[in-house]
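The values are calculated or read from the model by the stated rules, or taken from the named source; none is laboratory data. Treat the numbers as computed from the prediction; the structure is a model and nothing was measured. As a convention, Cβ positions derive from the backbone with ideal geometry for all residues, glycine included, and neighbour counts pool all protein chains shown. Areas reflect the complete protein model, heavy atoms only, side chains present, ligands, DNA and RNA absent. Shrake-Rupley method; radii C 1.70, N 1.55, O 1.52, S 1.80 Å.
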Amino acid sequence: MVDISLFFEVAHDSTSTDHKKMFDEAVEQAVLADKLGYHAVWFTEHHFLPGFSESSAPETILAYLAGKTENIRLGHGVTLLPFNINHPARVAERVATLDILSGGRVNWGGGRSIALAELGAFGVEAEQSRAEWEEALRVIPRLWTQDRFEWKSGLFEFPDRCVTPKPL
C-alpha cells in the first residue's frame, strides 16, 4: 500500500484574488481525498506572499477539516517557529487541541522561514531564525509530555506552568 498525501500552499494565479474560492476548493479536495483513502492533507503557514501562498492560518483550515473528514491525517507542514511569529506554548496548545478534536489525526512539522517578507514583518532576524526554530523544536515536545514545564535559555524563557491540553 502506498500512502498518498496532499500538500497545500493555497496559492492562486496572478489573475485571481478570490480567497473564498481558493479555500473552498482546497477543502473540497481534502474532503474528497479523505473519501478516497488518502493518508494525509498538509497545509503550510506563510505570510505576506500573495500569489505564492495565502495559507496564513493553517490551524484554522485544519480545524475546519477535522469536522468535515473522518480518517485522513491533518498535517501542519509547517508551523513557523520563530518566537515573534508563533510562541512555542501557543503552538503546543493549538496543535494539541486540534489533535483532540480530530481524534488523534494530527501530523505536525515546524520550520523557520527564509522569506524576508515574513521574517521582517514579524521582527525576526534572519540569522536568528534557525536558532529559534531549533529551540522551539526542543521545547514543544516537552510542553506536550510534561505535567509542568519551565525553560530558561539565552533565547527563550518560560515560567513554571501547566500547559494544557495534551495531544492524544
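Some observations on this one:
- A simple spin-label model places pseudo-atoms 7 Å from Cα toward Cβ; at E157 and K35 they are separated by 5.4 nm.
- With Rh defined as the Kirkwood radius, the inverse of the mean 1/r over Cα pairs, the Rg/Rh of the range 94-165 is 1.02.
- Just the protein heavy atoms count here, and of the accessible area of the range 1-63 at 1.4 Å, carbon and sulfur take up 59 percent.
- Candidate values (i) 0.95; (ii) 0.99; (iii) 1.06, label of the one derived for Rg/Rh (Cα atoms, Kirkwood Rh): (ii)
- Shape annotation for the range 65-120: C-alpha extents along the principal axes are 38, 20, 14 Å, from largest to smallest.
- Summed side-chain charge close to L65 - residues other than L65 whose Cβ falls under 14 Å, Lys, Arg +1, Asp, Glu -1: -3
- DSSP bridge orientation in the chain - percent antiparallel, rounded to nearest 5: 20 percent
- Net charge of neighbours whose Cβ lies under 11 Å from the Cβ of S53, counting Lys and Arg as +1 and Asp and Glu as -1: -4
- Three semi-axes describe the equivalent ellipsoid of the range 1-92; taken as square roots of 5 times the Cα gyration tensor eigenvalues and ordered largest first, they are 22, 19, 11 Å.
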